[in-house]
1. For region 223-372, take every pair of Cα atoms, bin their distances at 10 Å starting from 0, and report each bin as a whole percent.
2. Scan region 137-210 for chymotrypsin sites (Phe, Trp or Tyr not before Pro) in coil per DSSP, keeping those whose Cβ has at most 16 other Cβ atoms within 10 Å, and list them by number.
3. Between the DSSP loop rule and a limit of at most 16 other Cβ atoms within 10 Å, which trypsin sites (Lys or Arg not before Pro) in region 104-192 are left?
4. How large is ³J(HN,Hα), in whole Hz, for each residue of region 328-345 in order, when computed from phi with the Karplus curve 6.51 cos²θ - 1.76 cosθ + 1.60 and θ = phi - 60°, using x for Gly and Pro?
5. Rounded if a/c is under 1.5, else prolate if a/b beats b/c, else oblate: with a ≥ b ≥ c from the C-alpha gyration tensor eigenvalues square-rooted, which is region 68-295?
6. Which residue, chosen from PHE135, PRO160, LEU302, occupies the Cα position most advanced towards the positive end of the dipole of the chain, where the dipole is computed from +1 (Lys, Arg) and -1 (Asp, Glu) charges on Cβ about the Cα centre?
7. Do any of LYS58/LYS95; LYS115/LYS242; LYS94/LYS308; LYS338/LYS375; LYS250/LYS320 go past 23 Å between their Cα atoms, and which?
8. Quick one: putting +1 on the C-beta of Lys and Arg, -1 on the C-beta of Asp and Glu, what dipole do you get for the chain around its Cα centre, in Debye to the nearest 20?
Amino acid sequence: MNVKELDQTYVANTYHRFPLQIVRGKGSVVEDENGKQYIDLGTGIGVNNFGIGDEAWKQAVIDQMNKFQHTSNLYYTEPCVTLARMLCERTGMKKVFFSNSGAEANECAIKAARKYAADHKGPEYHTIVTLTSSFHGRTITTLAATGQDELHQQFQPLTPGFVYAKTNDLKDLEQKVAENKVAGILFECVQGEGGVNALDAEFIAGIADLCAKEDLLMMVDEVQLGNGRSGQLYGYMNFGLKPDIVSTAKGLCGGLPLGATLLGEKLQDTLTAGTHGSTFGGNPICCAGAISTISRIDEKLLAEVREKSAYIKETLTGKKGILGVSGMGLMLGVATEKSAAEVIAACMEKGVLVLNAHGKVRLLPALTIPMEQLKQAIDILVEVCGA
Ligand SMILES: *Cc1c(COP(=O)(O)O)cnc(C)c1O
């Protein structure tokens, strides 16, 4: 059996895989089993922020590998504290809990919010308001937080205590807050899986006002938009927000699994010994990799992200077969006349990898993609959409 047949026989069939086997890569170019090369505008869904095989990242990971790969959270380790300090200093948040994925980062956010609300307002204030077309993960609780009915259907009962307000509808949000005893509001500044929908700036400002007025925790899911992708270190920084909880993962470690939940001033003493934990969370190899990526997301790189973003938007807007471009930074959604599936397949044929997001073509290139490769890939996308 070949790899495709073995996969279909032995791997749980939870993914619509494309007919493509990746065997190696470098930077923003990946190669399939036949030696065909592709410019990668997907980065493993916003994970390989510095591309594949980034030398400084690899060295940081190997150096730690040569010391030790894992211990338990019963002992102190240097990479974990260095990364936590770096994240706190760059955000003004006070404490970090490390896990292994975006869903787990949100699980921690939800546990922390519920405990804070129980400690300060009473245990009945356990409801978390999230938004329609949001995405917060695949565990039973983060699925409950995800405001997409079609994903809920076959997994009832989900964790109770979530209500969904209409995205970009402040009146509806205010109503949901008034009708429930609410701990906090959880949202993505740009909804990724839900279709690369940027929240309106006024709506985001409205969330901030409501949180302040009603004493609600502002919980920002930065799993996809965070770690430089928005053109700022975290997406919320584009809107001048001061969140109470920030969850992140995907691009944090540039390719190894690491989740982080950042807790602000109010919540710095909420999670106490024994209230939460993770065997792998804060793994030294992952933390060493993340120190390498986060320390290099500086103003110069962020400016580059914003320039590349502007280039993509300008190039695509108004072209034949392209209906519009949404999103921010290097997290962009392209609405096309052809179906997204058709565009994705045609791009792959021509050597460019792009993603889907609720019917849009989603672009999540490496922050460091060379301009020449980006231009080449965008030209192919334009050609495909207009053909
Ligand atoms: C991908 C994603 C998640 C889930 O992350 P996993 O690492 O797959 O668990 C949560 N929130 C957002 C916004 C995401 O994009």
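Taken together, the values in this text are just the output of simple stated rules run on the coordinates, not laboratory data. Quick caveat, the model's predicted, so the values are computed rather than measured. Cβ placement follows ideal geometry from the backbone for every residue including glycine, while neighbour counts extend to all protein chains displayed.
1. Reading the bins upward from 0: 10, 32, 32, 18, 7, 1.
2. Sparse-neighbourhood loop chymotrypsin sites (Phe, Trp or Tyr not before Pro): none present.
3. Within region 104-192, the qualifying trypsin sites (Lys or Arg not before Pro) (loop, at most 16 other Cβ atoms within 10 Å) are LYS121, ARG138, LYS166, LYS181.
4. With coefficients 6.51, -1.76 and 1.60, one gets 8, x, 9, 10, 10, x, 10, 7, 10, 5, 6, 5, 4, 4, 5, 5, 4, 5 Hz.
5. prolate
6. LEU302
7. Correct reply: LYS58/LYS95; LYS94/LYS308; LYS250/LYS320.
8. 320 debye
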